[in-house]
């Protein structure tokens, strides 16, 4: 089975190709260009490098966020289009679980966080394959103060080495959850976009974005 995985939630898009559960390769897009310019050429390059055509892909996987609003939309839209055109299915994978996957096996709680600017973040807490706190939008300081002292941190908030979601982890998680395959998927948005937030502020509406 050929699986193509794509991640566009981070500043640099990635794509990974798997055959029967084995990673054939992962490629990274040109960081100086926008996702709208790089994702399709990235997929083409990865497939060509491995001598595979898009018609040979049996299953798609995509990171559905949370993350960059524009990036998430682009990745999900492209994979939805490819899956529709080929009559194949998609396995949606969330960005925070993708980050936690990169840690490998660990007995401690794993906190995955993605910076959402201005002291906010997207966060989730996992341990031994279980979700202790579902993905949510949080105020960083308040959220961190409530975590167990032995928590491992991954992502781009309060970590010694920053890490970002990648297609390889998206594909690995998808292969563990084949029953989650759908014909079409949608992005995860845990906060309103900046334009929507500014509109609410201008209208004097109460901010109800953060999920506690």
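Since every read-out is calculated from the coordinates, none of them should be taken as a lab result. The structure presented is a predicted model; accordingly, all values stated were derived computationally and were not measured. Heads up, the Cβs are rebuilt from the backbone with ideal geometry, glycines too, and the neighbour counts pull from every protein chain shown.
Tabulated results
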{"item": "Against the rule of thumb 2.2 N^0.38 Å, how large the Cα Rg of segment 117-156 comes out", "result": "1.14"}
{"item": "Theoretical FRET efficiency, 1/(1+(r/R0)^6), r = Cβ-Cβ of residue 36 and residue 150, R0 41 Å, to 0.05", "result": "0.50"}
{"item": "Helix 194-203 axis, angle to the chain major axis (alpha carbon atoms, nearest 10°)", "result": "30 degrees"}
{"item": "Using alpha-carbon coordinates, inclination of helix 35-49 to the longest axis of the chain, degrees", "result": "40 degrees"}
{"item": "Added length on full extension, which subtracts the Cα-Cα distance from 0.36 nm per residue, residue 77 to residue 11", "result": "22.1 nm"}
{"item": "q = 0.15, 0.23 Å⁻¹: log10 I(q)/I(0) that the Debye formula gives for segment 99-192, counting C-alpha atoms only", "result": "-0.62, -1.35"}
{"item": "Shape box of the chain [Cα atoms, principal axes, largest first, Å]", "result": "51, 44, 33"}
{"item": "Max mean-square fluctuation residue, GNM over the chain, Cα-Cα springs under 10 Å, options 22, 74, 90", "result": "22"}
{"item": "Difference of contour (0.36 nm per residue) and Cα-Cα distance, residue 44 to residue 186", "result": "48.8 nm"}
{"item": "15 Å tail of the calculated P(r), segment 10-55, as % of Cα pairs", "result": "41 percent"}
{"item": "Zero-based 5 Å bins, Cα pair distances in segment 1-79, whole percents", "result": "3, 17, 30, 25, 16, 8, 1"}
{"item": "Angle between the chain longest axis and helix 69-86 axis [Cα atoms, degrees, rounded to 10]", "result": "30 degrees"}
{"item": "Relative contact order for the chain, counting Cα pairs under 8 Å that sit 6 or more residues apart, in percent", "result": "23 percent"}
{"item": "Additional length obtainable on full extension of the chain from residue 177 to residue 132, 0.36 nm per residue less Cα span", "result": "14.3 nm"}
